[in-house]
């Protein structure tokens, strides 16, 4: 099974990281499988080929596909007239609260298909509807298109909630990695616009303008994503270096986060982005925002999509679902 895995770039010459003292044994086995596969790094191919590779490998270590009462295709109009796809997951009938979810992938890869199982699991465990958004990707659509698409989609959901049997007073946003960035950005937009949000659910979000935290140095190579791949993603997404200082790319740069929705933040200990998540949790708390922070020890970026191999993924699914129940159903 592990021989088939290539979710992100791994440098097989860095085998010492397989035995890093912080890694769990299952995580070491996953990294060993990635190393044995010896696939070309995602950052060495075109964005089109990288998307195909990620799509082919994204579900290799996922849990079994949860069954739901209903799944519907949606299309959402954007401010520029473009329509993007979305997928509406419903665990039961009736009027439900909803989580709008944004997939990860460095704003360059990923889709509603690559995150289908995760969204199904969140819906099944929480009892809430989930609307997964296929926002436009770079380099065809550079910053701030993804941020605009995410915010436009959330506003659309609020306006059309009744027709979808969703309660507009019980909405949440969430996402992983770049999708976590978009969720955090939407929470800030929502606060400024007066759109009610119950909670923001952030799996290892990117929040900082530059990769200069200690964790970016500690976990720079060999921990599922590396600095080379992160640079490749942002080289596709950003129009110029100045975009890094825009809060819609780096929520840590937002001037005011007072009054944004309460946050649940789930981080991977062995992840270049872990310090960014901690810094954002601190920023929210300093502004008086309630924050529930979980750090999953001994695992790497992308672990929440490895539930068949990594027990912490299943735990994170359950923790996130309980958070949704607390804020949306409690």
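The values are calculated or read from the model by the stated rules, or taken from the named source; none is laboratory data. What you are looking at is a predicted structure, and each value in this text was computed from that prediction instead of being measured. Virtual Cβ from ideal backbone geometry, glycine too; neighbours counted across all protein chains shown.
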For region 200-227, which residues satisfy the criterion of being surrounded by fewer than 24 Cβ atoms within 10 Å (Cβ to Cβ), touching a strand residue (DSSP E or B) at 6+ places or on another chain (Cβ under 9 Å) and more than 25 Å from residue 24 (Cα to Cα)? none
Just wondering, is there one or more residues in region 140-151 that are buried (at least 21 other Cβ atoms within 10 Å of the Cβ), modelled with pLDDT of 95 or more and part of a loop (DSSP other than H, G, I, E, B)? no
Of everything in region 246-274, what is part of a helix (DSSP H, G or I) and in contact (Cβ under 8 Å) with a residue 60 or more places away in the chain? Give them in sequence order. 251, 274
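I'd like to know if region 86-94 contains one or more residues that are surrounded by fewer than 18 Cβ atoms within 10 Å (Cβ to Cβ), in contact (Cβ under 8 Å) with a residue 12 or more places away in the chain and touching a strand residue (DSSP E or B) at 6+ places or on another chain (Cβ under 7 Å).
Narrowing region 86-94 to residues surrounded by fewer than 18 Cβ atoms within 10 Å (Cβ to Cβ): 92-94.
After this cut, where a residue has to be in contact (Cβ under 8 Å) with a residue 12 or more places away in the chain as well, the list is 92-94.
Imposing the further condition that a residue be touching a strand residue (DSSP E or B) at 6+ places or on another chain (Cβ under 7 Å) reduces the set to none.
There is no residue in region 86-94 that is surrounded by fewer than 18 Cβ atoms within 10 Å (Cβ to Cβ), in contact (Cβ under 8 Å) with a residue 12 or more places away in the chain and touching a strand residue (DSSP E or B) at 6+ places or on another chain (Cβ under 7 Å).
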Go through region 290-330 and give me each residue that's surrounded by 19 or more Cβ atoms within 10 Å (Cβ to Cβ) and within 15 Å of residue 126 (Cβ to Cβ). 304, 316, 317, 320, 321, 323, 324, 327, 328
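Can you find even one residue in region 6-21 that is modelled with pLDDT of 95 or more and either in a helix (DSSP H, G or I) or under 22 Å from the mean Cα position of the chain (by Cα) (or both)? Show your work before the answer.
Initial filter on region 6-21 (modelled with pLDDT of 95 or more): none.
No - not one qualifying residue is present in region 6-21.
Does residue 120 count as without any contact (Cβ under 8 Å) to a residue 40 or more places away in the chain and part of a helix (DSSP H, G or I)?
Numbers: without any contact (Cβ under 8 Å) to a residue 40 or more places away in the chain: no; part of a helix (DSSP H, G or I): yes.
No; evaluated as a whole, the condition is false for this residue.
Could you tell me which residue of region 231-245 is farthest from residue 276 (Cα to Cα), considering only residues that are surrounded by fewer than 17 Cβ atoms within 10 Å (Cβ to Cβ) and touching a residue at least 60 places away in the same chain (Cβ under 8 Å)? Talk me through it step by step, then tell me what you get.
Residues of region 231-245 that are surrounded by fewer than 17 Cβ atoms within 10 Å (Cβ to Cβ), as a first pass: 231, 235, 239-242, 244-245.
Filter again for touching a residue at least 60 places away in the same chain (Cβ under 8 Å), leaving 231, 239.
Details: 231: 16, 239: 22 Å.
That would be 239.
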Under 8 Å by Cβ, and 6 or more places apart or on different chains, what pairs join a residue from region 130-142 that is farther than 17 Å from residue 115 by Cβ with one that is in a loop (DSSP other than H, G, I, E, B)? 138/107; 138/108; 139/108; 142/238; 142/239
Any residue at all in region 96-108 that's surrounded by fewer than 20 Cβ atoms within 10 Å (Cβ to Cβ) and either touching a helix residue (DSSP H, G or I) at 6+ places or on another chain (Cβ under 9 Å) or assigned to a loop (DSSP other than H, G, I, E, B) (or both)? no
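Quick check: anything in region 164-178 within 18 Å of the chain's Cα centre (by Cα), surrounded by fewer than 24 Cβ atoms within 10 Å (Cβ to Cβ) and touching a residue at least 60 places away in the same chain (Cβ under 8 Å)? Steps first, please.
Of the residues in region 164-178, the ones within 18 Å of the chain's Cα centre (by Cα) are 171-178.
Cutting the leftovers down to surrounded by fewer than 24 Cβ atoms within 10 Å (Cβ to Cβ) gives us none.
No, there is no match, as no residue in region 164-178 is within 18 Å of the chain's Cα centre (by Cα), surrounded by fewer than 24 Cβ atoms within 10 Å (Cβ to Cβ) and touching a residue at least 60 places away in the same chain (Cβ under 8 Å).
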So which of 324, 284, 278, 329 ends up being within 25 Å of residue 216 (Cα to Cα) and in contact (Cβ under 8 Å) with a residue 24 or more places away in the chain? 284
Can you name every residue in region 190-204 that is closer than 20 Å to residue 157 by Cβ, part of a loop (DSSP other than H, G, I, E, B) and touching a residue at least 60 places away in the same chain (Cβ under 8 Å)? 197, 198
Would you check if residue 182 is in a helix (DSSP H, G or I), under 24 Å from residue 295 (Cα atoms), touching a residue at least 12 places away in the same chain (Cβ under 8 Å) and in contact with a strand residue (DSSP E or B) (Cβ under 8 Å, 6 or more places away or on another chain)? yes
